[in-house]
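To start, the structure under review is shown below, and the notes come after it.
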Amino acid sequence: MRIDIPYGRDGRIPLELPDCAEVVYPNSVPRRDEGDILRSALENPIDSPRFRDFVSKCGNTLVIVNDATRPTPTARVLSLIWEDLSKIPHKFIVATGVHRASTEEELKGIFGDLYPEVRDNVIMHDARKEEDMIHIGTSKNGTEMYVNRAGVEADEFVVIGSVEPHYFAGYTGGRKAFLPGIASFRTIEQNHRYALRPESSALALDGNPVHDDMIDALKTVSEKPIFSIMTVLDGDHRIYAATAGHIHGSFYAAIDRANDVYCVPVSRKAELVISIAPYPMDIDLYQSQKALDNGKLALADGGILLMVSKCRDGIGDEAFVKLLASCDTPGETLRRLDEGYKLGWHKAGKMAEIAVRGEMWGYTDLEDDVLNSCFIRPWSDLQTAVDEALSIIGSQAHVVVLMCGSMSVPKIG
C-alpha cells in the first residue's frame, strides 16, 4: 500500500508499506458547526455562571492561553467571547511552561485577527525569570509553588485550553494552565520528577502524582474565580467538542470526548511501529518525544520504533539530550536517574526505557550525531528506513503506523 506521511506544516512524504500494515488515524467522530459547539458550551457552563455573567462581575482578569506547541484553537474561542471580554480590564499570558517564548508569527497564529488589538496586553511567561515569580504555597507532595506574578495579581482567570492524552500527566488541559503553564522553573522541575513514576502515564489520573500536584497548585488560588473553556479537536484539528465553566468540571467533562478521538484500537503489538509527530507537535525533539512514548505502547519487545518528526526548532530544552549523550548505554541512563533529577531528565528516562526494549530510529531534520547520542538511529530517507526495518524483522512481521503519534494512545486488542 502507498500512504502519505505528514512532515512539517504542509509537507507530505509518500511511503510504500506492506498491504497488511495497520495505519491508525485518530478515530472518526461526527462533525458539527464549530461555532455552535463553542456557543453551546458557553451557554451551558458546568458549575458556573455563563461567560457574560461571569465577566460582568470581573475586575482585573488574566486570560491564560496555550503556546504554539499545542493545537488549541484559541483564536476561534476568542472571536466568540471578545465582545464580553473586551469590556473589562484584562491581560493575556502565554502559558509556555518551560518552553521558549513564542515568536511574533506564532503569536499571530494564537490570537488570529485580534492580535493587533491585544498585542500590548500579552505577557510572555518565562519560568526562568525568578524575579517574576511569587511563592503561593506547598503541595502535599512537597512541591514549592511559585507562579508568575501576573497570576497572583489577577482578580479572576479565564483559561482557554484543549484536552488530549498526555504521556505522563494523563491528559492536557485544565489544571495544566497553572502548573506547568505559568509556574516557575523550580516548581515545574519538582513536579516533573514524578513523571518517572509508573503511575504517571497517558490516560491515568487516579493515583497519578503529577496530576495530584497540579490539582494542589490550583488549590492555592481557589479563592479566585476561574472560567475555563476546554476544546477537544478531531484528527483534522477541527473542534469536535467543547466544555466550559468550572476549571475541574470542564476538564473532566472533556476527557471522554478526548478518548473518543485519541484512544485508537490496534489489533496487536507490532515489530515495526512508525509514530508521527504532526505539526505543531513537531516543533522540536523535546515535544516529539511524545510520539515515541505513545508509539511504545504498540511496540513488541525487540521491535523497531521509527519516529517521524521535522523537529523544526531543533532539540528544545537540552537537558535530556545531555544526559543521554553522557551515557554509554540506555541502562546507564536509568541508573543515573536513580541518583537524582533535573528538569527534562524524565524524557531521557522514558526514551531509555524504550531503547532497553527495542530499537529507536528517527527521520527528522536533526543532525545525525544528535540522534545517535540519544540512542536513535538516524535516517535521511524514510522509505529506505522502512525497507531496512522490514529486512530485519521480516516481511511478514506486523507493522503499525500512528499518523498522530503525539496524541494517539494505542489500545491493544
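All of Asp365, Asp369 fail the test of being in the same structural domain as Leu323 (by TED's automatic domain parsing), within 25 Å of the chain's Cα centre (by Cα) and surrounded by fewer than 19 Cβ atoms within 10 Å (Cβ to Cβ), apart from Asp365. Considering every residue within region 83-97, establish whether at least one is more than 24 Å from Val55 (Cβ to Cβ) and surrounded by 18 or more Cβ atoms within 10 Å (Cβ to Cβ). Among the residues of region 83-97, at least one is more than 24 Å from Val55 (Cβ to Cβ) and surrounded by 18 or more Cβ atoms within 10 Å (Cβ to Cβ), which makes the answer yes.
Results for (1) part of a helix (DSSP H, G or I); (2) touching a Phe, Trp or Tyr at 6+ places or on another chain (Cβ under 8 Å), shown as yes or no for each residue.
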position	(1), (2)
Gly303	no, no
Leu306	no, yes
Gly316	no, yes
Val321	yes, no
Leu343	no, yes
Ala352	yes, yes
Met360	no, yes
Asp365	no, no
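Reported count of residues in region 260-308, each being without any contact (Cβ under 8 Å) to a residue 60 or more places away in the chain, more than 12 Å from Val401 (Cβ to Cβ) and either touching a helix residue (DSSP H, G or I) at 6+ places or on another chain (Cβ under 6 Å) or among the polar types (S, T, N, Q) (or both), is 1. Quick check: anything in region 39-53 within 30 Å of Pro265 (Cβ to Cβ), part of a helix (DSSP H, G or I) and of a type outside the set (Val, Ile, Thr)? Among the residues of region 39-53, at least one is within 30 Å of Pro265 (Cβ to Cβ), part of a helix (DSSP H, G or I) and of a type outside the set (Val, Ile, Thr), which makes the answer yes.
Checking each residue in region 124-156 for being outside any loop (DSSP other than H, G, I, E, B), free of Cβ contacts under 8 Å to residues at least 40 places away in the same chain and over 25 Å from Asp212 (Cβ atoms) picks out Met124, Glu131, Asp132, Arg149. Return yes or no: is His192 closer than 19 Å to Glu144 by Cα and either of a type in the set (Ser, Thr, Tyr) or touching a Gly at 6+ places or on another chain (Cβ under 6 Å) (or both)? No: the conditions fail for His192.
Confirm whether Arg70 is surrounded by 13 or more Cβ atoms within 10 Å (Cβ to Cβ) and more than 26 Å from the chain's Cα centre (by Cα). Here the answer is no, as Arg70 does not meet what is asked. When Ser48, Ser28, Ser79, Ser56 are checked against the criterion of being at pLDDT 95 or above, small (Gly, Ala, Ser) and more than 25 Å from the chain's Cα centre (by Cα), Ser48 stands alone in meeting it. When region 78-100 is examined, which residues are found to be among the hydroxyl-bearing types (Ser, Thr, Tyr) and within 13 Å of Val65 (Cα to Cα)? Thr96, the sole residue that qualifies. The sole residue among Glu164, Glu199, Glu144 that is in contact with a helix residue (DSSP H, G or I) (Cβ under 7 Å, 6 or more places away or on another chain) and at pLDDT below 95 is Glu144. On inspection, Arg12 fails the criterion of being out of contact with any helix residue (DSSP H, G or I) (no Cβ under 9 Å at 6 or more places or on another chain), in contact (Cβ under 8 Å) with a residue 24 or more places away in the chain and closer than 28 Å to Tyr286 by Cα.
The values are calculated or read from the model by the stated rules, or taken from the named source; none is laboratory data. Source: prediction; values computed, not measured. With ideal geometry, Cβ positions are generated from the backbone for all residues, glycine too; neighbour counts draw on all protein chains shown.
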